[in-house]
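Student: Quick one: structure below, then a few questions.
The values are calculated or read from the model by the stated rules, or taken from the named source; none is laboratory data. Since the model is a prediction, treat every value here as computed from it, not as a measurement. Counting neighbours? That spans all protein chains shown, and the Cβs are built from the backbone with ideal geometry, glycine included. The accessibility values were calculated without ligands, DNA or RNA, using every heavy atom of the protein model including side chains. Shrake-Rupley method; radii C 1.70, N 1.55, O 1.52, S 1.80 Å.
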Amino acid sequence: MAALEYTWRDSELRSPPLRALNAVGAGLARVGLDLPSLSPSSVIAAAAKAAGSDDLGGDSYREPLGVFLDACRSEADLTTFGRILISKMLSRALTNRIALHGWSLQHPEVREERIDSPWVIVGLPRTGTSVLSMLLGLDPVARPLLQWEAAHPIPPPTLEEADEDPRIAQTAKDLDGLMKLNPPLKAMHPFGATVAEECVSLFMYDVRTLALETQAHVPSYARWLEGADMAPAYAQHRLALQTLQSRQPTERWVLKTPNHLWHLEALLAAYPDARIVWTHRNPGPVVTSLASLANAGQRPLTARSDPRPTAEEWKRKCSFALNSAMAFDEKTDAGWCQHLHYDHLMADPVDTVRRLYRSFGAEVSDLHARRMDSFLDHRPKDVFGVHHYDPADFGWTYEELAEEFRPYTERYDISTEVEQ
């Protein structure tokens, strides 16, 4: 049976009650009542109420929270439903921050946990980062961050409790609701309570994260974030890993998010011994797929129907990230990362992982190799549908994109032939 095919257009909000809510909200907005409030104080108050504490362990989150909410009000064209979801998303992130800080006060020993030489995958989205992180995470002495752990980090699960923790079922229920609201997302990105999560979610605790830009069109926040000090966000990132590791010891974390590519200096300051892998792929399909994904994520939350502003913003963002990373690569000693081409990874995933290990002076164990083979042999393909994307939807052609990103593709010898 042919797999369902999804595009960003299929993310249109179809729920009659939610559409009615938006209609009422639009009417109230016309008379000057924008509800719910998108003020920092309301978000912070909601987080404090949920956490039972207002101790956030510092105020580094305040400036980015204000910048982001200002951008939501002036640029995102959010519906009432969108305002509700954005408010809840932010308050949940700050609730987690309060809980994480509180746990560290009660258990100060967590800050003594060593995060040694983590694998960190930094490539742009759609460059093989997910499958690579899954393969690396099959190493018996390594572990990825799981989606349920990122959503509910406190209390950190013990080895005995982890497999049956009720937060797994809660996260699965939440994700099921998201998939019902926005079915195309399941074909565009791996979701699952026990599936490896992008560690970008940990940056949410300081409100300094690209994840926010997948939910709302906020170019002024994007530009603020590109120049922001990421040290406070990496402090939250490290504390979360230390806390989770304190009850489930691991030799090495497997981390991945494109967010790192925007801030490589901050990444290496936080994890100077990281095993960094930069994945590369033809930017044409990458940027087009990402434009589609970003529009799919934003579409149920905004009244804007034109996909081009979001597409153009993410194309600009990718160009900024690649140019910044190339400049960093130019000035930094060779060996700070390993470069991995998407086509090599897809052609022979296990051999690619073996070569990565050797580049860091290590070897893939026999058990790890067997687990990777089994995973690849039984991994379902297109079970949740196929993501279809077309540059014409955004006013582009692949030829134009190839020219725009030529300095990057020539530097790293990346083919611009579009995969079929």
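Student: Could you tell me whether His341 is within 30 Å of Thr310 (Cα to Cα) and surrounded by 18 or more Cβ atoms within 10 Å (Cβ to Cβ)?
Tutor: Criteria met by His341.
Student: Mind checking which residues of region 244-260 are within 16 Å of Pro108 (Cα to Cα) and either surrounded by 22 or more Cβ atoms within 10 Å (Cβ to Cβ) or in contact with a Cys (Cβ under 7 Å, 6 or more places away or on another chain) (or both)? Explain how you work it out, then say what you get.
Tutor: Keep residues of region 244-260 that are within 16 Å of Pro108 (Cα to Cα), which gives 244-247.
Residue satisfying the conditions is Leu244 alone.
Student: I'm told Ile276 meets every condition in (1) under 28 Å from Leu212 (Cα atoms); (2) touching a Ser or Thr at 6+ places or on another chain (Cβ under 9 Å) except one. Can you identify the failing condition by its number?
Tutor: (2)
Student: Does region 48-63 contain any residue that is aliphatic (A, V, I, L, M) and open to solvent by 60 Å² or more (accessible area, probe 1.4 Å)?
Tutor: yes
Student: Filter region 356-395 down to residues that are open to solvent by less than 20 Å² (accessible area, probe 1.4 Å) and within 25 Å of the chain's Cα centre (by Cα), then give me how many there are.
Tutor: Residues meeting the conditions: 6.
Student: So for region 275-282 (the condition being of a type outside the set (Asp, Glu), under 30 Å from Ala334 (Cβ atoms) and within 15 Å of the chain's Cα centre (by Cα)), does at least one residue qualify? Quick ask: steps written out before the conclusion?
Tutor: Applying the first criterion (of a type outside the set (Asp, Glu)) to region 275-282 yields 275-282.
After this cut, where a residue has to be under 30 Å from Ala334 (Cβ atoms) as well, the list is 275-282.
Within this subset, residues satisfying the condition of being within 15 Å of the chain's Cα centre (by Cα) are none.
No: region 275-282 contains no residue that is of a type outside the set (Asp, Glu), under 30 Å from Ala334 (Cβ atoms) and within 15 Å of the chain's Cα centre (by Cα).
Student: Something else about it: For region 215-251, give me the residue count where each residue is in contact with an Asp or Glu (Cβ under 9 Å, 6 or more places away or on another chain) and under 21 Å from Pro190 (Cβ atoms).
Tutor: 4
Student: In addition: Can you report the number of residues in region 130-153 which are closer than 19 Å to Leu175 by Cα and hydrophobic (A, V, I, L, M, F, W, C)?
Tutor: Final tally of qualifying residues: 5.
Student: Quick one: what pairs do we get from region 358-371, first residue without any contact (Cβ under 8 Å) to a residue 40 or more places away in the chain, second surrounded by 12 or more Cβ atoms within 10 Å (Cβ to Cβ), C-beta under 7 Å, 6+ apart or different chains?
Tutor: Ser359/Gln338; Glu363/Tyr357; Ala369/Val350
Student: For Ala48, state whether it is farther than 21 Å from Val218 by Cα and assigned to a helix (DSSP H, G or I).
Tutor: yes
Student: Let me ask something else about it. Looking at Gly82, Gly52, which one is over 29 Å from Ile276 (Cβ atoms) and in contact with a helix residue (DSSP H, G or I) (Cβ under 7 Å, 6 or more places away or on another chain)? Before you say what the answer is, go through the steps one by one.
Tutor: Working: Gly52 fails: in contact with a helix residue (DSSP H, G or I) (Cβ under 7 Å, 6 or more places away or on another chain).
Going through Gly82, Gly52 in turn, just one is over 29 Å from Ile276 (Cβ atoms) and in contact with a helix residue (DSSP H, G or I) (Cβ under 7 Å, 6 or more places away or on another chain): Gly82.
Student: Name the residues in region 223-240 that are in a helix (DSSP H, G or I), touching a residue at least 24 places away in the same chain (Cβ under 8 Å) and surrounded by fewer than 22 Cβ atoms within 10 Å (Cβ to Cβ), would you? Walk me through it before giving the result.
Tutor: The initial filter retains those residues of region 223-240 that are in a helix (DSSP H, G or I), namely 223-226, 231-240.
Checking the rest, the ones that are also touching a residue at least 24 places away in the same chain (Cβ under 8 Å) come to 224-226, 231-240.
Result: Trp224, Glu226, Ala231, Pro232, Tyr234, Ala235, Arg238.
Student: Filter region 284-298 down to residues that are of a type outside the set (A, V, I, L, M, F, W, C), under 15 Å from Tyr408 (Cβ atoms) and in contact with a helix residue (DSSP H, G or I) (Cβ under 6 Å, 6 or more places away or on another chain), then give me how many there are.
Tutor: Here is the first cut: in region 284-298, the residues of a type outside the set (A, V, I, L, M, F, W, C) are 284-285, 288-289, 292, 295, 297-298.
Now narrow it down to the ones that are under 15 Å from Tyr408 (Cβ atoms): 284-285.
Those still in the list that are in contact with a helix residue (DSSP H, G or I) (Cβ under 6 Å, 6 or more places away or on another chain) too: 284.
The number of residues fulfilling the criteria is 1.
Student: Next question, about the same structure. Under 8 Å between Cβ atoms, at least 6 apart or on separate chains: pull out the pairs that start in region 185-210 with a residue that is in contact (Cβ under 8 Å) with a residue 24 or more places away in the chain and farther than 25 Å from Val287 by Cβ and end on any residue that is small (Gly, Ala, Ser) and assigned to a loop (DSSP other than H, G, I, E, B).
Tutor: Every condition considered, the pairs that remain are Asp206/Ser60.
Student: Here's another thing I want to ask about it. Is it true that Ala172 is touching a residue at least 60 places away in the same chain (Cβ under 8 Å), over 13 Å from Leu145 (Cα atoms) and either among the small types (Gly, Ala, Ser) or in contact with a strand residue (DSSP E or B) (Cβ under 9 Å, 6 or more places away or on another chain) (or both)? Reasoning before the result, please.
Tutor: On the way: touching a residue at least 60 places away in the same chain (Cβ under 8 Å): no; over 13 Å from Leu145 (Cα atoms): yes; either among the small types (Gly, Ala, Ser) or in contact with a strand residue (DSSP E or B) (Cβ under 9 Å, 6 or more places away or on another chain) (or both): yes.
No, not satisfied.
Student: Could you grab me the full set of residues in region 116-134 that are over 24 Å from Asp165 (Cα atoms) and out of contact with any Ser or Thr (no Cβ under 7 Å at 6 or more places or on another chain)?
Tutor: Scanning region 116-134 gives Asp116, Ser117, Pro118, Trp119, Val120, Val122, Leu124, Pro125, Ser130, Val131.
Student: In region 293-332, how many are of a type in the set (Gly, Ala, Ser), over 17 Å from Asn259 (Cβ atoms) and open to solvent by 20 Å² or more (accessible area, probe 1.4 Å)? Can you show your working first?
Tutor: From region 293-332, those of a type in the set (Gly, Ala, Ser) are 294, 296-297, 303, 305, 311, 319, 321, 324-325, 327; that's our starting set.
With the extra rule that they be over 17 Å from Asn259 (Cβ atoms), the set shrinks to 296, 303, 305, 311, 327.
Next cut, open to solvent by 20 Å² or more (accessible area, probe 1.4 Å) only: 303, 305, 327.
Looking only at that region, the number is 3.
Student: Let me ask something else about it. Hey, can you tell me all the residues within region 392-420 that are touching a residue at least 12 places away in the same chain (Cβ under 8 Å), outside any helix (DSSP H, G or I) and either farther than 16 Å from Thr279 by Cα or β-branched (Val, Ile, Thr) (or both)?
Tutor: Those that are touching a residue at least 12 places away in the same chain (Cβ under 8 Å), outside any helix (DSSP H, G or I) and either farther than 16 Å from Thr279 by Cα or β-branched (Val, Ile, Thr) (or both): Gly395, Trp396, Ile414, Thr416, Glu417, Val418, Glu419.
Student: Restricting attention to helices (runs of 4 or more DSSP H) lying wholly within region 90-197, give those where 3 or more residues are open to solvent by 30 Å² or more (accessible area, probe 1.4 Å), of a type outside the set (S, T, N, Q) and at pLDDT 90 or above.
Tutor: 166-181
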